[in-house]
Amino acid sequence: MDFSSIIERFEPSIIQIATMTGTGTGFYLKEFNLIVTNDHVVDKSAEVSIAGKLFDKRLGRVWYTDRKHDLAFIQPPAGVELPEVKLGQYEGIKPGDEVVALGHPFDLIYTATQGVISKVDRIRSGLKYIQVDAAINPGNSGGPLVYENGEVLGVNSFIIRGGDNLGFALPVSYLRVALELYKPYYGQTSTRCPSCETLVLASNIEADKYCPSCGTEVKLPQLPEKEPEPVGVGRLIEDILKALGKDVKLARNGLNKWEVREGTARIKIHYNQDNYFIAGDAYLCTLPSDSTKIVPLYTFLLQQNYTMNGLVLSTVNQNIILSRIIYDLDINKDTGSPLFRDLFRKAAEYDHVLKTTYGCQDLLLE
């Protein structure tokens, strides 16, 4: 199977995952009806936001965590038919074999990097890893490493910072053991003891925090009685989003990042702690394919910028964006809500005008 066919076949099964602290990748396994990712991607969360090519962002329950092997399993979205991908065999692979790492690095949607296996049994922290020269970047974590036959060979797990394409994937043999261990307890919250590798469940955990076999302190992925919330400016932004009717749990897209939809516009909000400002960028649509409409379009954008106060229309990589920047000292809930409401409202309005009048096209999601 050629790699272009592999990439096309896997795309619907690659899942974006986001928490309050970061983003990552997962992939769906139909055989076990679970989304597989890294434990460090879910980052102690019992519920994360998930999104894929065949479904919009929604919440997914974390059923299984495994700190030693850096694995986590998430409940897949209900009512969505995702294609089957198969687990391969770790035994028999050798240096020089071709692989492709799939994921969502740096908040980019669906990226594939091709490479070869550099070493099969690289030992790190007492576990075997597959070392590859395919780029595994932040956000790729938890995605599948796919063999040249189209089967999953491992789970992309970590890189060595400063190394030149030094990526490491947990072999599928470890993943298969974890999946079979959890299979009889599907739908129950569980964690695997990092010391003795016993599966700890709500039914056998000692005193709500100890492994029943060896006494190591463990933590089940239980939903908290009170939802965790950011502090400072992050809390303020979420209060504003709540006031505007947005679901902040779904909006969270990493540390100090949020993303919401208004009509077909995609609005990214980011708090820059270093420079003390909040940026709201509404991605509207893309430039028209009809070149005769480009000049009238740019004339319209410039005219609108002249009339608006605090909002700016611009183009970035074919995308048309409506932006607002607010310094954190200049905002509170009462002043911030109208500013964001105005951004959301105008984003939907401009998106409609640009498409109907100037032939702009649907947004190219990067």
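The values are calculated or read from the model by the stated rules, or taken from the named source; none is laboratory data. Just so it is clear, the model here is predicted, and its values are computed rather than measured. Counting neighbours? That spans all protein chains shown, and the Cβs are built from the backbone with ideal geometry, glycine included.
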### Query
Looking at region 101-135, which of the residues that are polar (S, T, N, Q) and farther than 19 Å from F27 by Cα is modelled with the lowest pLDDT?
S125
#### Entry: region 164-223, subset part of a helix (DSSP H, G or I) and closer than 16 Å to R67 by Cβ, residue nearest to the chain's Cα centre (by Cα)
L175
## Note on the structure
Checking L71, L54 in turn, the sole residue that is in contact (Cβ under 8 Å) with a residue 60 or more places away in the chain, surrounded by 13 or more Cβ atoms within 10 Å (Cβ to Cβ) and closer than 27 Å to L250 by Cα turns out to be L71
### When residues of region 1-30 are limited to those that are of a type in the set (D, E) and free of Cβ contacts under 8 Å to residues at least 60 places away in the same chain, the one surrounded by the most Cβ atoms within 10 Å (Cβ to Cβ)
E8
### Query
Name the residues in region 287-303 that are under 21 Å from A347 (Cβ atoms), in contact (Cβ under 8 Å) with a residue 24 or more places away in the chain and under 35 Å from the mean Cα position of the chain (by Cα), would you?
L287, P288, L297
### Task
Give me a count of the residues in region 120-146 that are of a type outside the set (K, R), in contact with a helix residue (DSSP H, G or I) (Cβ under 9 Å, 6 or more places away or on another chain) and either surrounded by fewer than 23 Cβ atoms within 10 Å (Cβ to Cβ) or on the phi > 0 side of the Ramachandran plot (or both).
6
#### Entry: Pair list, Cβ < 8 Å and 6+ apart or interchain, from region 170-199 residues that are without any contact (Cβ under 8 Å) to a residue 24 or more places away in the chain to residues that are assigned to a helix (DSSP H, G or I)
L199/L181; L199/Y182; L199/Y185
### Query
Out of A72, A78, which single residue is out of contact with any Leu (no Cβ under 9 Å at 6 or more places or on another chain) and assigned to a loop (DSSP other than H, G, I, E, B)?
A78
### Task
Test S291 against the stated conditions and say whether it is surrounded by fewer than 17 Cβ atoms within 10 Å (Cβ to Cβ), farther than 30 Å from R235 by Cβ and not charged (D, E, K, R).
yes
#### Entry: Lone unmet requirement of (1) buried (at least 16 other Cβ atoms within 10 Å of the Cβ); (2) of a type in the set (A, V, I, L, M, F, W, C); (3) out of contact with any helix residue (DSSP H, G or I) (no Cβ under 7 Å at 6 or more places or on another chain); (4) more than 23 Å from T21 (Cα to Cα) for C214
(1)
#### Entry: Only listed residue being at pLDDT below 90, out of contact with any strand residue (DSSP E or B) (no Cβ under 8 Å at 6 or more places or on another chain), loosely packed, with under 14 Cβ neighbours inside 10 Å and not acidic (D, E), chosen from N317, N332
N317
